[in-house]
Amino acid sequence: MNEIREIVTKTVIGKGKKLICLKETIIPENEPFSILGCWVINHDFSANLDENTVNLNGDFEVNIWYAYDNNTKTEVAKQVIPYDQTIKTKQIVKDLNSECRDVIVRMLQQPTCTNACIQDNNIIVDIVFEVIAEIIGEAKMVVAVLSPVDNCEPIDDDFENEINENFINAN
């Protein structure tokens with residue numbers, strides 16, 4: 001006799017992914033002659049949900065090692081870059097149980113400097129990172145139960161009695 005049960009569970013009800021490309025201008029203290037290195041550190045972000053859109057706010061620090069004074073001295077220029085991005089999501093579960101929803105955002109690729117060049121005594125950097133947003137909500141599943149739990153027989157646990165402790169000596 002089959003019975004039908006409804007199970008309410010938390011599940012991913014919407015998903016979205018975005019590749020974010022930023023172009024920023026860093027103003028160094030000295031007139032740069034050449035760029036020796038560029039890296040991104042201290043990335044921090046938060047996200048909130050607005051209907052089916054995720055608002056992502058964060059910042060990171062860009063450090064640029066550059067040479068100046070005709071390549072005879074070096075310095076590191078630092079700047080904190082804030083950003084505000086929206087991630088569109090697609091609803092993948094149609095029948096929702098409630099409006100109680102959460103959002104989880106993960107970085108697929110941390111912010112990375114892909115290009116840095118000198119332009120008008122400033123340093124222009126290209127920063128790229130990729131995020132995925134998942135909306136978590138409650139959904140209802142309908143399952144067929146083959147035998148009700150109330151009518152289940154206890155499982156006989158005679159497994160230990162079936163073990164041959166002399167299996168090595170048997171040959």
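What follows is calculated from the coordinates using simple rules that are stated; it is not laboratory data. These numbers were taken from a predicted model, which means no experiment stands behind them. Please note: Cβ atoms are built from the backbone with ideal geometry, for glycine as well, and neighbour counts cover all protein chains shown.
Worth pointing out:
- Calculated on the Cα set of the stretch 52-109, radius of gyration then Dmax: 20.7, 67 Å.
- Once the Cα-Cα distance is subtracted from the 0.36 nm per residue extended length, the Arg101 to Tyr83 segment shows a gain of 4.1 nm.
- Derived scalar couplings between HN and Hα for the stretch 20-37 equal 10, 10, 10, 10, 10, 10, 10, 9, x, 5, 10, 6, x, 9, 8, 9, 9, x Hz in order, rounded to whole Hz, by the Karplus curve 6.51 cos²θ - 1.76 cosθ + 1.60 (θ = phi - 60°), x for Gly and Pro.
- Neighbour counting of Cβ atoms within 10 Å sorts the residues Lys88, Lys94, fewest neighbours leading, into Lys94, Lys88.
- Estimated translational diffusion coefficient (Stokes-Einstein, Kirkwood radius over Cα pairs, 4 °C, 1.567 mPa s) of the stretch 1-110: 73 µm² per second.
- Extension gain for Asn57 to Asn30 (0.36 nm times residue separation, less C-alpha to C-alpha distance): 6.6 nm.
- Across the options Ile13, Ile27, Ile64, the greatest Cα extent toward the positive end of the charge dipole of the stretch 1-69 (unit charges at beta carbon of Lys, Arg, Asp, Glu) belongs to Ile13.
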